[in-house]
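Peer 1: Take a look at this one; I'll ask things after.
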């Protein structure tokens, strides 16, 4: 009503076109190149083949793929289980404490990501403090190491993604009406029952967001397994980078990236779908109040 | 009451977990020993080494250029897209919304990889310019979402009232949209700036020779260089972060 169609188009085109050119087309290119032949000089050769996907059939790759899915899943579970009590505490605290805690949680993550991972490398280092403590406690042998295995990758993954789980959980819990739990208890349900059947369904949106922002990025981890993982902690992201930068085989790297795209797109579509229903409720509310 | 105590203890433990690596770094930045486990006495030598390292300062310059340009461009693009996404619900806007949302959730490595192949396919030489293009792409989505969130409580009746009273489009933009959207714009811009300054993976895939940013420099120092200098660098980072957090908090509290 305020703007004519042409004006709307003019406002839409810049970002729309930008994302088509620098996001959609490049993603399609990845999928296309995964079906091309490799070029000896590290470029893209002529002709089409499924050779790029040959990696996927090897046992050593399946081990890495399984580890990637497994570590991402365990990370997500840990983040939910550890993040939940923190989020509940925050949501129930006074507003001042809420703001303070939010700031305290966010600040460490404003330091450079690589530096945080490096800090864990120092802590877990064979000469480091934690190793000595563990050795004195008799938990590991003297020549044992805390670094370069699946557990060290898992630890740093949880460290990195925990705040991303806490924030959506906190937002959902803050909106949750705790009187519902009291009502459930008054009506005779036990604490466990009311937690699983009243509380968790009530904050399901927050749980879904938390899973999305932890699980999907974790699937594409590169830096963490690269720095604290060693050969025994490699994940899909390391394999992609290795194919691109060391073997210089772009079709093989693309094939692995295509695999990752497939893994991501499925929950992604679900997410977009939910966002849209969210959008609709917002629109509906606006309409009711006569704003649109 | 017992339950409250439990969640309190978990919260404290989690905060300790969050700050442990950071404390270790700060302490070690003043440790003259090369190894983090041995205290070799207090010293400023890593800070001296840091300030005499020219590669680091070149990469700081590159980082600031990339962050400055990509933040400004993504703020303009993101404000436009946030506005049209909020006001119009046509089919094109639905597609637009999907294009904005997906980059928020895909792993960085996918965006880096796809941009690299895109530049290779078009035979564009990797440089600081290609890094900026990548950064604008991921910042755009974050700015849009922030602006969109701010628009949720924007009262469009004001705009209509202004029009009825004969205000021109320019006046409406200057006197209504900009002042009311400024907080959303600022937080979107801050978010874009933080993400751009911190990004490693997308830069790693799209940077050419001579266009090393600070995260790339830090990566190569961790892999091949002198780690204690990184401790000094990260302590400085932390100081700057605290200052920015403080300013940011001020802006936020003044608004509410």
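The values are calculated or read from the model by the stated rules, or taken from the named source; none is laboratory data. Model, not experiment: these values are computed from the prediction. Note that we place each Cβ from the backbone using ideal geometry, even for glycine, and neighbour counts take in every protein chain shown.
Peer 1: Mind checking which pairs have a first residue in the stretch A:142-155 that is farther than 16 Å from residue A:122 by Cα and a second that is at pLDDT below 80 and part of a helix (DSSP H, G or I), Cβ under 8 Å, 6 or more apart or different chains?
Peer 2: Here the result reads A:142/A:135, each pair linking the stretch A:142-155 to a residue that is at pLDDT below 80 and part of a helix (DSSP H, G or I).
Peer 1: Being touching a helix residue (DSSP H, G or I) at 6+ places or on another chain (Cβ under 8 Å), surrounded by fewer than 18 Cβ atoms within 10 Å (Cβ to Cβ), facing chain A (nearest Cβ under 7 Å) and in a helix (DSSP H, G or I), is that true of even one residue in the stretch B:121-132?
Peer 2: Within the stretch B:121-132, one or more residues are touching a helix residue (DSSP H, G or I) at 6+ places or on another chain (Cβ under 8 Å), surrounded by fewer than 18 Cβ atoms within 10 Å (Cβ to Cβ), facing chain A (nearest Cβ under 7 Å) and in a helix (DSSP H, G or I).
Peer 1: Next up: Test each condition in (1) out of contact with any helix residue (DSSP H, G or I) (no Cβ under 7 Å at 6 or more places or on another chain); (2) closer than 23 Å to residue B:141 by Cβ for residue B:209 and report the one that comes out false.
Peer 2: It fails just one condition, (2).
Peer 1: Same structure, new question: Taking the criterion of being facing chain B (nearest Cβ under 9 Å), over 24 Å from residue B:245 (Cα atoms), in a helix (DSSP H, G or I) and out of contact with any strand residue (DSSP E or B) (no Cβ under 6 Å at 6 or more places or on another chain), would at least one residue in the stretch A:134-143 satisfy it?
Peer 2: The answer is no, given that none of the residues of the stretch A:134-143 is facing chain B (nearest Cβ under 9 Å), over 24 Å from residue B:245 (Cα atoms), in a helix (DSSP H, G or I) and out of contact with any strand residue (DSSP E or B) (no Cβ under 6 Å at 6 or more places or on another chain).
Peer 1: Would you be able to say whether some residue in the stretch B:148-155 is facing chain A (nearest Cβ under 8 Å) and surrounded by fewer than 16 Cβ atoms within 10 Å (Cβ to Cβ)?
Peer 2: Yes: one or more hits.
Peer 1: Follow-up. Quick check on the stretch B:7-16. Is at least one of its residues closer than 30 Å to residue B:205 by Cα and surrounded by 14 or more Cβ atoms within 10 Å (Cβ to Cβ)?
Peer 2: The answer is no, given that none of the residues of the stretch B:7-16 is closer than 30 Å to residue B:205 by Cα and surrounded by 14 or more Cβ atoms within 10 Å (Cβ to Cβ).
Peer 1: Further question on the same structure: Just wondering, is there one or more residues in the stretch A:192-206 that are within 14 Å of chain B (Cβ to nearest Cβ), in a loop (DSSP other than H, G, I, E, B) and surrounded by fewer than 16 Cβ atoms within 10 Å (Cβ to Cβ)?
Peer 2: Taking every residue of the stretch A:192-206 in turn, none turns out to be within 14 Å of chain B (Cβ to nearest Cβ), in a loop (DSSP other than H, G, I, E, B) and surrounded by fewer than 16 Cβ atoms within 10 Å (Cβ to Cβ).
Peer 1: Okay, next question. Which members of the stretch A:160-192 meet the condition of being within 30 Å of residue A:224 (Cα to Cα) and out of contact with any helix residue (DSSP H, G or I) (no Cβ under 7 Å at 6 or more places or on another chain)?
Peer 2: Correct list: A:167 only.
Peer 1: Given the condition free of Cβ contacts under 8 Å to residues at least 40 places away in the same chain and either buried (at least 18 other Cβ atoms within 10 Å of the Cβ) or touching a strand residue (DSSP E or B) at 6+ places or on another chain (Cβ under 9 Å) (or both), answer yes or no: does some residue in the stretch A:75-95 qualify?
Peer 2: Looking through the stretch A:75-95, at least one residue is free of Cβ contacts under 8 Å to residues at least 40 places away in the same chain and either buried (at least 18 other Cβ atoms within 10 Å of the Cβ) or touching a strand residue (DSSP E or B) at 6+ places or on another chain (Cβ under 9 Å) (or both).
Peer 1: Does the stretch A:35-56 contain any residue that is modelled with pLDDT under 90, surrounded by fewer than 17 Cβ atoms within 10 Å (Cβ to Cβ) and part of a helix (DSSP H, G or I)?
Peer 2: yes
Peer 1: Here is a further query. Inside the stretch B:101-120, can you point out the residues that are closer than 25 Å to residue B:177 by Cβ and either facing chain A (nearest Cβ under 7 Å) or part of a loop (DSSP other than H, G, I, E, B) (or both)?
Peer 2: B:101 - this is the single residue of the stretch B:101-120 that is closer than 25 Å to residue B:177 by Cβ and either facing chain A (nearest Cβ under 7 Å) or part of a loop (DSSP other than H, G, I, E, B) (or both).
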